[in-house]
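This report refers to the structure that appears directly beneath it.
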Amino acid sequence: MTSPDQPVRVVLVDDEPLLRQSLALIIDAEPDLTVAAEAGDGVEAVAACTANRPDVVVMDVRMPRLDGIEATRSICRQPDLAHTRVLVLSMFDLHEYVFHALRAGASGFLLKDRRPEDLLAAIRRTHSGEALFAPSIMSRLIAHYLSGRHAATVPARARNQLDQLTAREIEVLALVGQGLSNDEIAERLTISVKTVKSHITHLLSKLAARYRAQLVIAAYESGLVTPGCAAQPERDDRRGIPPR
């Protein structure tokens, strides 16, 4: 893991050499960022991360041999890469891509048509642990995808996940799934924000999840939350990808 006085180490993954090299020039021009390695497909990406243990991986989706979603899943499953965060970069704003990227363990999703400064900001926020999606928008993206695919069929494995949770943890998980922020959950349950964070830490551990997005998915797949009951935001959050 990078110390505060060292630049954030990035692995760039894209099957287009020209784009990959262009992104490398943009990233290396920043004093607090550096490209540790490049990869042209998912297989190379996993190997590069294993060898370099980067802070952030900028991961393309469509690639030969191993796509970005499977590469992300492989990277996020490695104990030695527990501190490595994956930012998925794609030309396609598809809910399916967003859903599967988050489910695989990605920290965020960004479109390739964004400005260079947006990518740099996304890398920094990903490294610092900030979400690229507001909770309400993330929940709506996941709900939109599941409502048209397999929300009606709840896997037994997903339902069984709830058995290991306390009653309060189930309440918190349901509200996370609905897209409420920590402050909103604390207000709804009349508990402190610190207590909410504690419950979420326990949920992440019990459900083997890396990030909040995976808790949202677990809430839907277990049937605890259903598409249509996600909380609606009071305002649009332009930091993430707006729903289409």
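Among the candidates GLU38, GLU44, GLU117, single out the residue that is touching a Leu at 6+ places or on another chain (Cβ under 7 Å), open to solvent by 60 Å² or more (accessible area, probe 1.4 Å) and either among the hydrophobic types (A, V, I, L, M, F, W, C) or more than 22 Å from GLY179 (Cβ to Cβ) (or both).
GLU38
What pairs come out if I take residues in region 174-198 that are over 18 Å from TYR211 (Cβ atoms) and pair them with residues that are polar (S, T, N, Q) and surrounded by fewer than 18 Cβ atoms within 10 Å (Cβ to Cβ) whose C-beta lies under 8 Å away, six or more apart or interchain?
ALA186/SER192; ALA186/THR195
Considering (1) more than 25 Å from ALA82 (Cα to Cα); (2) exposed (fewer than 15 other Cβ atoms within 10 Å of the Cβ); (3) at pLDDT 85 or above, say which one ARG244 fails and leave the rest.
Condition (3) is where ARG244 drops out.
Select, from ARG20, ARG73, the only residue that is more than 21 Å from TYR211 (Cβ to Cβ), part of a helix (DSSP H, G or I) and in contact with a Gly (Cβ under 8 Å, 6 or more places away or on another chain).
One residue alone meets the criteria, ARG20.
Quick one: ALA24 ticks every box in (1) open to solvent by less than 50 Å² (accessible area, probe 1.4 Å); (2) modelled with pLDDT under 90 except a single one, so which number is it?
(2)
Open to solvent by less than 70 Å² (accessible area, probe 1.4 Å) and under 17 Å from GLY105 (Cα atoms): does that describe ASP32?
Criteria not met by ASP32.
I need every pair where a residue in region 201-224 that is free of Cβ contacts under 8 Å to residues at least 40 places away in the same chain and open to solvent by less than 10 Å² (accessible area, probe 1.4 Å) has its Cβ under 9 Å from the Cβ of a residue that is of a type in the set (D, E, K, R) and assigned to a helix (DSSP H, G or I), sequence separation at least 6 or different chains.
LEU203/GLU169
Within region 177-203, track down each residue that is modelled with pLDDT of 90 or more and either under 20 Å from VAL98 (Cα atoms) or among the aliphatic types (A, V, I, L, M) (or both).
Within region 177-203, ILE185, ALA186, LEU189, ILE191, VAL193, VAL196, ILE200, LEU203 qualify.
Against the condition within 20 Å of ILE217 (Cβ to Cβ), basic (Lys, Arg), out of contact with any helix residue (DSSP H, G or I) (no Cβ under 8 Å at 6 or more places or on another chain) and open to solvent by 70 Å² or more (accessible area, probe 1.4 Å), how does ARG77 come out, does it pass?
For ARG77, the condition - within 20 Å of ILE217 (Cβ to Cβ), basic (Lys, Arg), out of contact with any helix residue (DSSP H, G or I) (no Cβ under 8 Å at 6 or more places or on another chain) and open to solvent by 70 Å² or more (accessible area, probe 1.4 Å) - is met.
The values are calculated or read from the model by the stated rules, or taken from the named source; none is laboratory data. A quick note: this is a predicted structure, and the numbers were derived from the prediction, not measured. Neighbour counts run over all protein chains shown; Cβ positions are idealised from the backbone, glycine included. The protein model used for the area step is the full one, side chains on, heavy atoms only, and it has no ligands, DNA or RNA in it. Shrake-Rupley method; radii C 1.70, N 1.55, O 1.52, S 1.80 Å.
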